[in-house]
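Chemist: Here it is: the structure, laid out below.
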Amino acid sequence: MHEDGELRLCALYPDLMNIYADRGNLLLLERRCRWRGIGFSLSASGLGEELDPAGADMFYIGGGQDRDQALCARDLAEVKREALHEAAANGAVIFAVCGGYQLLGHSYQLGEQSLPGVGLVDLETIRADGPRLIGNVAIEMELAPGERRVLAGFENHGGRTFLGAATPLGRVLSGHGNNDRDGYEGVRSGNVIGTYLHGPLLPKNAWFADWLIATALGHEQPLPALDDELEQEAHAEARRAAGV
Ligand code: GLN
């Protein structure tokens, strides 16, 4: 946690890992901090750049095409692996979407090619022959015991993710989720969060952005409420699109 109530966000590979407007997640985090008078700073770390594990409260990786993922996978494994493990062990939030999520585990198997994962959570991803898993999606997650909330978004992935000992982020209400088979979506292991949901996700699920901010800053209590009329409409629309 950073002492003076500033969220320091580090985007990994923001040029390569950014599809379906995943960069919108960064904008929403910034706005929701600023609207509350919480300081905000954004840094970036690209290919070949060392990462300072204490340099951010939250590390973010968006989605990407297989081709770009291959570059990032090697860089994560060779250049940033230790720093990311250290950051996670120190309580930083690691938040990854789709292609970024697939790189959090052991490997991403693409036919003959196996991309290394950064090994933060026990999962693996396999590019199967079947159709891409595409469509609107809604999941239910349990924020705290008994406190169930819905996340809604859009998914489009060829890879199927299978969790080992890790806990899923949520249960699929509508859509495909991790692998179209076991009814689960994403992963949540301590402060490491992975999900297939684009949208971009956070503008459609502002409550989740707030939870990420509070967690990254080590707040025990939820952040003060904002006037979320538009955000609630966006959320309701994403749920309607997913039929939930
Ligand atoms: N390239 C990955 C896949 O197709 C991830 C795609 C994405 O990030 N939307 O599975």
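The values are calculated or read from the model by the stated rules, or taken from the named source; none is laboratory data. Bear in mind the structure is a predicted one, so any value in this text is a computation, not a measurement. Glycine also receives a Cβ, built like all others from the backbone with ideal geometry; neighbour counts cover every protein chain displayed.
Chemist: What are the residues in region 56-82 that are in a loop (DSSP other than H, G, I, E, B), without any contact (Cβ under 8 Å) to a residue 60 or more places away in the chain and surrounded by 15 or more Cβ atoms within 10 Å (Cβ to Cβ), if any?
Modeler: 56, 62, 64
Chemist: Shifting gears a bit: Here's a check for you: in region 213-244, which residue that is among the small types (Gly, Ala, Ser) and in a helix (DSSP H, G or I) is surrounded by the fewest Cβ atoms within 10 Å (Cβ to Cβ)?
Modeler: So the residue we want is 236.
Chemist: Take the residues of region 97-110 that are modelled with pLDDT of 95 or more and not in a loop (DSSP other than H, G, I, E, B): which is farthest from the ligand (Cβ to nearest atom)?
Modeler: 107
Chemist: Does region 193-234 hold any residues that are in contact (Cβ under 8 Å) with a residue 40 or more places away in the chain and over 29 Å from residue 123 (Cα atoms), and which are they?
Modeler: Within region 193-234, 223, 224, 226 meet the criteria.
Chemist: Could you list all residues from region 11-37 that are surrounded by fewer than 18 Cβ atoms within 10 Å (Cβ to Cβ) and touching a strand residue (DSSP E or B) at 6+ places or on another chain (Cβ under 7 Å)?
Modeler: 30, 34
Chemist: What single numbered condition from (1) within 20 Å of residue 193 (Cβ to Cβ); (2) within 16 Å of the ligand (Cβ to nearest atom); (3) small (Gly, Ala, Ser); (4) more than 16 Å from the chain's Cα centre (by Cα) fails to hold for residue 64?
Modeler: Tallying (1) within 20 Å of residue 193 (Cβ to Cβ); (2) within 16 Å of the ligand (Cβ to nearest atom); (3) small (Gly, Ala, Ser); (4) more than 16 Å from the chain's Cα centre (by Cα), residue 64 fails exactly one: (4).
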